[in-house]
Amino acid sequence: MNPSPKEKIINHCIYCGKNDQLSDEHATPHGLGGKWILRKASCEECRKITSRFEARILKGVLYKYRSYKKFPSRSKYDSLKSSETYRVRDRSGNISEREIDMQSIGIHLFMPEFAEPRFLVPNPKIEGIEIRGIHYTRSINQTASLSGVDAVKINQDFPTSDFIRLLAKMALCHTLLRYEEGDLKIFIRPLIRDEVARVEDWIYVGSPTKPNISKTESGIRLFSTGKWVWCEIKPLRDSPAVYKVIVGKLKFRALLKAILNGEVRLRESR
């Protein structure tokens, strides 16, 4: 198993191909603890596109998780609010609003779960995207009690489209750390740039697969199954949710080289 380099100079935009006004790109966002970098890999226009959807995820639905994990921030880090107002049901069945200490609530996320891509499933019955959910929860203070409370309602507005684009971006970056761009036919660029693309063809949730072909950052694993190159991502490293992103396929010469090096698996175990 060959390690991916932790840093690589690209000298063109990996999203659109431009070669001016280039900036560095973290393979995993800095706000999720990412340290591996593609140098000179994003033009000004694409940097603004990726920064917008990253910010909506990292400063939105994943903000409390990042605070809980003490991940870095480019600005001074705000601590968790000490309390928030929730709708609660007491043991008599009465519904009311109540200010509750955040230490009692902890972190709760309902992560989207996507069905397998249609080309992995013979004669799929479902058209479009099937979305289910994976519940992630962590108590900050497990000894804290909610006196007299039987249930707490927690609302979550999950920006699924932005999350899909973030997964695609992470998968592409880690793939390009390992492979030369000329060795690949890449499918997922339109997802990242929010152009026309079939999300249901390239991203799904599955069981972890072993072994991977390349050591990468924590929470990321890279694979090649036949001609397909795909990436497994655990955006919440202690969550059971494993997102599989099919990045593209190896061109013939690169595929032959990978076979000779023992880096290609015959089939994926789902």
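The values are calculated or read from the model by the stated rules, or taken from the named source; none is laboratory data. Note that the structure is a prediction, hence the values are computed from the model and not measured. Note that each Cβ is placed from the backbone with ideal geometry, even for glycine, and that neighbours are counted across all protein chains shown.
Data for the structure
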| read-out | value |
| --- | --- |
| Residue count for segment 1-44, restricted to those that are loosely packed, with under 14 Cβ neighbours inside 10 Å and assigned to a helix (DSSP H, G or I) | 1 |
| Search result, residues across segment 165-179 that are of a type in the set (A, V, I, L, M, F, W, C) and either farther than 11 Å from residue 193 by Cα or at pLDDT below 90 (or both) | 167, 170, 171, 172, 173, 176, 177 |
| Of the criteria (1) touching a helix residue (DSSP H, G or I) at 6+ places or on another chain (Cβ under 7 Å); (2) modelled with pLDDT of 75 or more, which one residue 118 fails | (2) |
| Selected residue (only one of 248, 226, 262, 182 is surrounded by fewer than 17 Cβ atoms within 10 Å (Cβ to Cβ), farther than 28 Å from residue 136 by Cα, modelled with pLDDT of 85 or more and not aliphatic (A, V, I, L, M)) | 182 |
| Residue match in segment 11-18 (condition: under 10 Å from residue 177 (Cβ atoms) and either among the aliphatic types (A, V, I, L, M) or modelled with pLDDT under 95 (or both)) | no |
